[in-house]
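Below: one structure, written as structure tokens.
The values are calculated or read from the model by the stated rules, or taken from the named source; none is laboratory data. Since this is a predicted model, take the numbers as computed values, not measurements. Ideal geometry is used to build each Cβ from the backbone, glycine not excepted, and the neighbour counts take in all protein chains shown. Note: accessible area is taken over every heavy atom of the protein model, side chains too, but ligands, DNA and RNA are not part of it. Shrake-Rupley method; radii C 1.70, N 1.55, O 1.52, S 1.80 Å.
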Amino acid sequence: MRAVITVVGRDTVGVVSQVSQVCAELVINIEDITQSIMQDMFCMIMLVDLSKCVSGMDVVRGRLEELAANTGMEIHLTRQEVFDAMHHI
């Protein structure tokens, strides 16, 4: 199963590393990543593979919500099929 992780917020040191660390701990493979900084805003989109994840979606969302609270970022996880359905005409 694939998903999209989006991260948006004030640019701070170590955000990519922290999100990547959560993925590594939960055995979530990062397949693709793009990031940019627009003025002081950090924006990142990750395409991830959850097929070998060692935890359920509730745990994954909880870890990302905890990281969002600690970093002051907006972090969202959207399963690919939901993402595709939202953007299909």
Residue list for the range 51-78, restricted to those being open to solvent by 50 Å² or more (accessible area, probe 1.4 Å) and part of a loop (DSSP other than H, G, I, E, B): Ser51, Lys52, Val54, Gly72
Pairs, first at pLDDT below 90 in the range 62-89, second open to solvent by 40 Å² or more (accessible area, probe 1.4 Å) and not in a helix (DSSP H, G or I), C-beta under 7 Å, six or more apart: Arg79/Met1; Gln80/Arg2
Any hit, the range 15-30, residues being free of Cβ contacts under 8 Å to residues at least 40 places away in the same chain and touching a Ser or Thr at 6+ places or on another chain (Cβ under 7 Å): yes
Considering residues of the range 1-50 that are among the hydroxyl-bearing types (Ser, Thr, Tyr) and outside any helix (DSSP H, G or I) only, the residue farthest from Gly72 (Cα to Cα): Thr34
